[in-house]
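Note sheet for the following structure.
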Amino acid sequence: MKFIYQTWWKVLTVLIIFYTLFAGLLLGVPRLPIMHETIRNVYFHVPMWMAMFTVFTISVIYSIKYLSTQKPEYDLIAVECANTGIFFFIIGLVTGMLWAKYTWGEFWSNDPKQNSAAIAFLLYCAYLVLRNSIDEEQKRAKISAVYNIFAFPVMIVLIMVLPRMTDSLHPGNGGNPAFGKLDLDNRMRIVLYPAFIGWSLLAVWVATLRYRMSAIEYKKNNID
């Protein structure tokens, strides 16, 4: 856990995000029919999903570690990473809906990708509801850890697998290209790939701050 107290990666995070914000708004992009300037949303929408996947992955890892060690700090890390992941999940949904409005004509068109993402979002909301519905500390931690471990692969299937098995307007599904030569050039790659790193690091940063606050509150409650 010493990593969370180091400074270099936080400075790197800020630099990368500022770079992607300015470059994403100022550098040229491919002139594609229908999409036009809305393609810049890729710099924000897709990295939000990457950040979400990053902290959700950390969350499930620490849920597994909690079940094997029963250390309360692992449960705290798992839940705060899940909370952070849900936050980036919301931003990912909102940026996707804004893009859909300008390219598909409406915020929500019941596209398979949208519907699957909505179900996955509710799946993680249920995780938080489950935690808040159990008063006994160890029981809450164990049950929520088990739920988290099973929810993660279901979320992957909902977002990454099922939409690809049917026709979809979303790039990367139903034969629509994504991150290929038809809709992504080198000008975009030098912004998008660093954005993956920057926003994922920011998600980890937010999760560590939430964990540190939760750890202080946990110790305070135990002392009282």
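Might you check whether a residue that is open to solvent by less than 70 Å² (accessible area, probe 1.4 Å), closer than 19 Å to P163 by Cβ and touching a residue at least 24 places away in the same chain (Cβ under 8 Å) occurs anywhere in region 122-131?
yes
So, in region 71-110, how many residues would count as being without any contact (Cβ under 8 Å) to a residue 24 or more places away in the chain and either closer than 18 Å to K139 by Cβ or not small (G, A, S) (or both)?
Final tally of qualifying residues: 9.
Results for (1) surrounded by fewer than 12 Cβ atoms within 10 Å (Cβ to Cβ); (2) at pLDDT below 95; (3) small (G, A, S), shown as yes or no for each residue.
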position	(1), (2), (3)
E136	yes, yes, no
A141	no, yes, yes
T166	no, yes, no
D183	no, yes, no
R187	no, yes, no
A203	no, no, yes
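Can we say V55 is in a helix (DSSP H, G or I), open to solvent by less than 30 Å² (accessible area, probe 1.4 Å), closer than 27 Å to R212 by Cβ and at pLDDT 90 or above?
So V55 fits the description; yes.
Quick one: is S68 in contact (Cβ under 8 Å) with a residue 12 or more places away in the chain and either within 20 Å of the chain's Cα centre (by Cα) or surrounded by fewer than 20 Cβ atoms within 10 Å (Cβ to Cβ) (or both)?
Taking the combined requirement at face value, the residue does not satisfy it.
Scan region 102-125 for residues that are part of a helix (DSSP H, G or I) and more than 19 Å from W49 (Cα to Cα) and jot them down.
Y102, T103
Step by step: first the residues of region 105-121, then only those that are farther than 16 Å from T166 by Cβ and modelled with pLDDT under 85, then the one that is surrounded by the most Cβ atoms within 10 Å (Cβ to Cβ). Which residue is that?
Out of the qualifying residues, it is W108.
Taking the stated definitions as given, is I34 at positive phi and either of a type in the set (G, A, S) or at pLDDT below 90 (or both)?
Spelling it out, I34 is indeed at positive phi and either of a type in the set (G, A, S) or at pLDDT below 90 (or both).
Could you please find all residues in region 117-141 being hydroxyl-bearing (S, T, Y) and under 15 Å from the mean Cα position of the chain (by Cα)?
If the condition is that a residue be hydroxyl-bearing (S, T, Y) and under 15 Å from the mean Cα position of the chain (by Cα), then Y124 is the only one that fits.
The values are calculated or read from the model by the stated rules, or taken from the named source; none is laboratory data. Since this is a predicted model, take the numbers as computed values, not measurements. Heads up, the Cβs are rebuilt from the backbone with ideal geometry, glycines too, and the neighbour counts pull from every protein chain shown. With ligands, DNA and RNA removed, areas are computed over all heavy atoms of the protein, side chains included. Shrake-Rupley method; radii C 1.70, N 1.55, O 1.52, S 1.80 Å.
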